[in-house]
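Notes for the one structure printed next.
The values are calculated or read from the model by the stated rules, or taken from the named source; none is laboratory data. These numbers come from a predicted model, not from an experiment. Virtual Cβ from ideal backbone geometry, glycine too; neighbours counted across all protein chains shown. Keep in mind that these areas ignore ligands, DNA and RNA; they rest on the heavy atoms of the full protein, side chains included. Shrake-Rupley method; radii C 1.70, N 1.55, O 1.52, S 1.80 Å.
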Number of protein chains: 2
Amino acid sequence: MTQQKLSDTPAAPGVHPIQAPAPSVPDGATGPVAPGPGAIAALWPLGPDQVRLDPDGLLGRWQRRNAAVTLPHCVDNLHGAGNIGNLRAAAGEADEAFAGMWFADSDVHKTLEAAAWELGRSPGDAGLRSFVDDTAALLARAQQPDGYLNSYFTVAAPEDRWRKPEWSHELYCAGHLIQAAVAAARTGVSPGLVTVARRFADLLVERFGPGGADEVCGHPEIETALAELYRLTGHRPYLDLARRFLDLRGRGLLGPGRFGPVYYQDHVPVREAAEVAGHSVRQLYLLAGMVDVGVETGDRTLLDAAERLWEDAVRRRTYVTGAHGSRHRDEAYGDPYELPPDRAYAETCAAIASFQWNWRLLLATGRARYADEMERALYNAVAVAVSHDGRHFFYSNPLQLRTGHTGAGEESAARRLPWYTCACCPPNIARLMASLHGYLATAHEDGLQIHLYASGSVDTEVAGSAVRVDMRTEYPWRGRIELTLDGAAAVPWTLALRVPEWCEAHTVRIDGGPVIAPVRDGYVRLTRAWAPGTNVVLDLEMPVRQVSAHPRVDAVRGCVALARGPLVYCLEQADLPPGAVMEDVRLDPAAPAVADRREDLPEFPVVLTAGGTLADTGDALYTAASGRGRRGTPFTLTAVPYFLWGNRSEGPMRVWIPIAASG
Amino acid sequence: MTQQKLSDTPAAPGVHPIQAPAPSVPDGATGPVAPGPGAIAALWPLGPDQVRLDPDGLLGRWQRRNAAVTLPHCVDNLHGAGNIGNLRAAAGEADEAFAGMWFADSDVHKTLEAAAWELGRSPGDAGLRSFVDDTAALLARAQQPDGYLNSYFTVAAPEDRWRKPEWSHELYCAGHLIQAAVAAARTGVSPGLVTVARRFADLLVERFGPGGADEVCGHPEIETALAELYRLTGHRPYLDLARRFLDLRGRGLLGPGRFGPVYYQDHVPVREAAEVAGHSVRQLYLLAGMVDVGVETGDRTLLDAAERLWEDAVRRRTYVTGAHGSRHRDEAYGDPYELPPDRAYAETCAAIASFQWNWRLLLATGRARYADEMERALYNAVAVAVSHDGRHFFYSNPLQLRTGHTGAGEESAARRLPWYTCACCPPNIARLMASLHGYLATAHEDGLQIHLYASGSVDTEVAGSAVRVDMRTEYPWRGRIELTLDGAAAVPWTLALRVPEWCEAHTVRIDGGPVIAPVRDGYVRLTRAWAPGTNVVLDLEMPVRQVSAHPRVDAVRGCVALARGPLVYCLEQADLPPGAVMEDVRLDPAAPAVADRREDLPEFPVVLTAGGTLADTGDALYTAASGRGRRGTPFTLTAVPYFLWGNRSEGPMRVWIPIAASG
């Protein structure tokens, strides 16, 4: 087999050796997204057993919290909200009325996937183990003789089975079942679940495969799931069906629906799309499927389209937090540069989907920009969705909450809620956090690449030799990352360390001695025949940054966002002087901001202080233009990491701070 | 009877003589909104036969266009879209399936109301006359034996009759039927229709009156309609039922629905509400009903609440165009100061409802601020909804359309459409325009008040004597208004002329001689024993204004809106240099703007030119804060009246223009 040339965009030399002999994905690479041996792959994912997060680093603590709190909380809520009951009814073991959303099964499947990753990582939890065993068995019993498995269309609306593809989420739910089964098989947690998934997948191939119905699902997800099932099983019809779903999309098969075909990306064939559009989660899951199918089939037109849409998304329609989706009405992307902070929809699932999509692009291309985007989403748009206690969640993640905001239902809640009527987000967080260690590093035949920094370790093989890298860091609070390399490597290999796009200055020391290590395509690349015990220190300078948005982003004109390292910061009412109105706060852009750890806040974070004023803004809504609001009372402004907001008292918040001169 | 003290807010002396002997509404006052003889009324409306708009002034041309084009267009579409067919089916004369929205009858009723006002004004149109006659007869045949009249719940879902008040719009439709009947009776165009309306209203009294069902309608409208029907008939149970619906509201009777009880103002009793909230049209129709019931029952708590909500609406949640409604998702008000120009929902019906509500407040209190608000809405938020050709309409009226906006369905169309699936707006425009002359002036026992300026005439009685006032003006293009007073008046009376809130300098001449005429409470008040033929010239200075929004309106920070007289202006792509991107335009706030008539545009409007630059805005979506976008290419910027945008080529538009210094 030969390595495919991915696209015309320049690849990262040394990381994406498109002319080099084809790399093959090593055996045992069984994390989320495992490109097959013939796939286009600039980088190879490591197996979840090859990377470990220390429990005391921030990412490690998130993963531990997820296991200890969030996952059991999800399981409890699946019981309480009726999702498990629905499956019992479908299995003929209960006759309660169907409860919840018609796609409620998908929450079960996502929780199951999360549990699989978690048990694969740390097989000790008996409760979680029995959830997996019981649920896998229940799914097998709820499955219909022909392989169909969907409790809503079995119990509540059998007459509509396969009849409302624009709305039904049947293939979406099937996709999440398949992903759960893939995770359960890859981790060895529940190999039997894949039998259930394959019976359903075989039914899909029969019904929708070549010569079958020309239909697609209103909510993409099945595409990436079938590609992963192909990777697991080697059964080509799954991949072919995934590709067929992509090929059929954008041909108006779904009809206009309530929001028009753009809502579910059925307005233009996927290879021809020039812009991300419509429901942002659907768009991003579809893009993940495009990359998966593209790399497995060698279809570079799919990858080119995905990279083109990335440019549109990241350059014109992504929030500074890495969130996607500007509009509440249809949970959708907006016009170019339409990025309102207060009405940001910024669905948690979209941020997770963006993370997953960027991981796929990173593996395919090796381009650092995709890892940058993963980092931005993870530390901001994803992390903010979970409370510090791990059992409250945001569905929508605005960048501003106004004074006087009254929670207008679940879609614009003023604080994190324990569960949702449409509960897609919490189990999505759970599956990402449970597999988080799988996204830190990759390998390649000439070396190891570290993309996300956290205290932990990597054990893998490079150039046929076992290597171990231990990482110690207080990232994202400090930019110093200390690595210890162990294991004998007979031949030189390259350790590639990502220097994030936000970092303007870095240093590298090897065994205490400074080395010249320029950034090439987003990474410093250190090639050595590494002696066991070699110490490498990467120091990323982390000054406080004042970030401004493109002037076409009207919604934040005259504002800056404070950022440090990968973190975006925000103001919270709790840190304002008594009686101060959040909307009257101004930042003095010339006053230096100071970064300090704060012991009284969750996570012991670095907070920023800077010069601020409280503007005297007057009364009239509209007046003859004047300099009103420019005078004000000075005070010291405190900004906290955005992902931590809302963990103290409920109240206004804002990421984008008007600068004092802007009125 | 005694005149009621309205509220604690100061009233306009001489216009709202709360201690004076009770005014009584003169006989023959039969326009839209005709307070009864016992009502709280600072001002009395004039009958539609007492005011005439010249056909060559702007308002007169709008009214003429409405009669010649818009109204026949509505009638055609009622046939084409199936609304008439639905009623035929309800009458048992056809058996087609129900077509359109379940509240499609209301479009028929509103068109009927419009036709009644139009025929009352100018009884010549045979086509319109036969539409009224045929439709009135059809409604009588479609009415059920018990008085019920609603084609959807007769034809399509009889089992749901009265069973889904949160959703059904049954009382909403009944309200519009009643309003049509009131208009038809007041104008004498179709007195028989009131029999149909009363049969239905009597059924409502029986079902929902004292001792009946404790229910309200999800969409307010019945309240104001029943008050008007009471005014027409003197039948007190209609007024009592209107009051009962108000008293029952805000008690959670409707249940949460999809958007929560705030959506239909069922979250708080109407007298206790502190903020406008929820679906804006519903809120505004409810407020109109509160004023109607308040003035007729002497219940000042309702009026106080309405004035309190006015303060909230106008000071924190109204667009500079007079539009209401910031959110697409639930067609709703947003948080305080949440006024995005691009995602302004700004429904046409909300602007019309605001106009109608303010008229009621003006009559009740005599306070100029309500007339100011009528003027602002009329010339901007209402007028923009109709194309120059009179047969295309906006449903949503944003203040900005971005480069790259692709029409996302009817709710955010990039251009006016001929008709809508939910066609509430076009017939609403038609009924307002057909009755527009009724809103220009009012009387009081001590004089005549002119609130809106247009070429036309007023014939009425003041202090027992006939008077005639002829108005000549090029308003809103020029601020000069020339009035000729005729008719013998034995005793002195006061001519009150509104000086709009936007006007900072004015002069008055009587028979050529300057007089000192200060503004008191929004009006100049000229008291004379007027000699026949007296000439009064009011000159309102109309410089170009740069309007800024309250600094808490984040969405337009660093921007100004250009305005002149009552008109808000906007930029259109058609006036930019070739290749210029609208989002890159900056206004030089120091350069003087020039106002000039432009012959090549519809309406021969005054356009504004000013100094602009095209900023060089670069590429990156987020960067370290800098002065990017501040350099640019100078050009002469042209602004056109907002209400005229979109009558040339389709393309971007914006009301709020970033100023050059703001980046």
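Could you tell me which of the residues B:Val467, B:Val382, B:Val458 is closer than 29 Å to B:Ala496 by Cα and at pLDDT below 95?
Answer to the selection: B:Val467.
Those helices (runs of 4 or more DSSP H) of segment A:348-444 in which at least 3 residues are in contact (Cβ under 8 Å) with a residue 40 or more places away in the chain and within 14 Å of chain B (Cβ to nearest Cβ), considering only elements entirely within it, cover A:368-376. Just one of the listed residues (B:Arg88, B:Arg64) is under 16 Å from B:Gly438 (Cα atoms) and open to solvent by 20 Å² or more (accessible area, probe 1.4 Å), and it is B:Arg64. The lone criterion from (1) within 11 Å of chain B (Cβ to nearest Cβ); (2) among the β-branched types (Val, Ile, Thr); (3) surrounded by 24 or more Cβ atoms within 10 Å (Cβ to Cβ); (4) over 13 Å from the mean Cα position of the chain (by Cα) left unmet by A:Thr321 is number (4).
Screening segment B:335-347 for residues that are under 20 Å from the mean Cα position of the chain (by Cα) and closer than 20 Å to A:Pro341 by Cβ and picking the one that is farthest from the other protein chains (Cβ to nearest Cβ) gives B:Ala344. Each residue in segment A:185-217 was checked for being within 25 Å of A:Pro269 (Cα to Cα), surrounded by 15 or more Cβ atoms within 10 Å (Cβ to Cβ) and either modelled with pLDDT under 95 or aliphatic (A, V, I, L, M) (or both), and 4 pass.
Inclusion of A:Pro55 among residues that are without any contact (Cβ under 8 Å) to a residue 12 or more places away in the chain and on the phi < 0 side of the Ramachandran plot is warranted. Note on segment A:596-628: residues that are open to solvent by less than 20 Å² (accessible area, probe 1.4 Å), assigned to a loop (DSSP other than H, G, I, E, B) and within 14 Å of chain B (Cβ to nearest Cβ) amount to 2.
Among the residues of segment A:640-663, those identified as in a strand (DSSP E or B), within 27 Å of the chain's Cα centre (by Cα) and within 14 Å of chain B (Cβ to nearest Cβ) are A:Met653, A:Arg654, A:Trp656, A:Ile657. Scanning segment B:440-475 for residues that are more than 23 Å from the chain's Cα centre (by Cα), surrounded by 20 or more Cβ atoms within 10 Å (Cβ to Cβ) and of a type in the set (Ser, Thr, Tyr) returns a single hit, B:Thr460.
Only one of the listed residues (B:Pro641, B:Pro589) is of a type outside the set (Asp, Glu) and over 27 Å from A:Val556 (Cβ atoms). That residue is B:Pro641.
For segment A:268-285, the set of residues classified as under 14 Å from the mean Cα position of the chain (by Cα) and either under 23 Å from A:Arg231 (Cα atoms) or modelled with pLDDT under 95 (or both) consists of A:Arg282, A:Gln283, A:Leu284, A:Tyr285, listed by residue number.
Does segment A:486-501 contain any residue that is in a strand (DSSP E or B), surrounded by fewer than 18 Cβ atoms within 10 Å (Cβ to Cβ) and without any contact (Cβ under 8 Å) to a residue 40 or more places away in the chain? No, segment A:486-501 contains no residue that is in a strand (DSSP E or B), surrounded by fewer than 18 Cβ atoms within 10 Å (Cβ to Cβ) and without any contact (Cβ under 8 Å) to a residue 40 or more places away in the chain.
Each row is one residue, and each column tells you yes or no for (1) out of contact with any helix residue (DSSP H, G or I) (no Cβ under 6 Å at 6 or more places or on another chain); (2) closer than 21 Å to A:Val216 by Cβ.
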| residue | (1), (2) |
| --- | --- |
| A:Leu128 | no, no |
| A:Thr154 | no, no |
| A:Trp167 | yes, yes |
| A:His176 | no, yes |
| A:Val205 | no, yes |
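Of the strands (runs of 3 or more DSSP E) lying entirely inside segment A:531-595, the ones with 3 or more residues being away from chain B (no Cβ under 13 Å), over 21 Å from A:Ala414 (Cβ atoms) and of a type outside the set (Gly, Ala, Ser) are found at A:534-540. Could you grab me the full set of residues in segment A:290-318 that are away from chain B (no Cβ under 12 Å) and of a type in the set (Gly, Ala, Ser)? If the condition is that a residue be away from chain B (no Cβ under 12 Å) and of a type in the set (Gly, Ala, Ser), then A:Gly294, A:Gly298, A:Ala305, A:Ala306 are the ones that fit. For segment B:417-439, the set of residues classified as surrounded by fewer than 21 Cβ atoms within 10 Å (Cβ to Cβ) and touching a His at 6+ places or on another chain (Cβ under 9 Å) consists of B:Leu417, B:Pro418, B:Trp419, listed by residue number.
The number of residues in segment B:502-530 that are open to solvent by less than 70 Å² (accessible area, probe 1.4 Å) and away from chain A (no Cβ under 14 Å) comes to 15.
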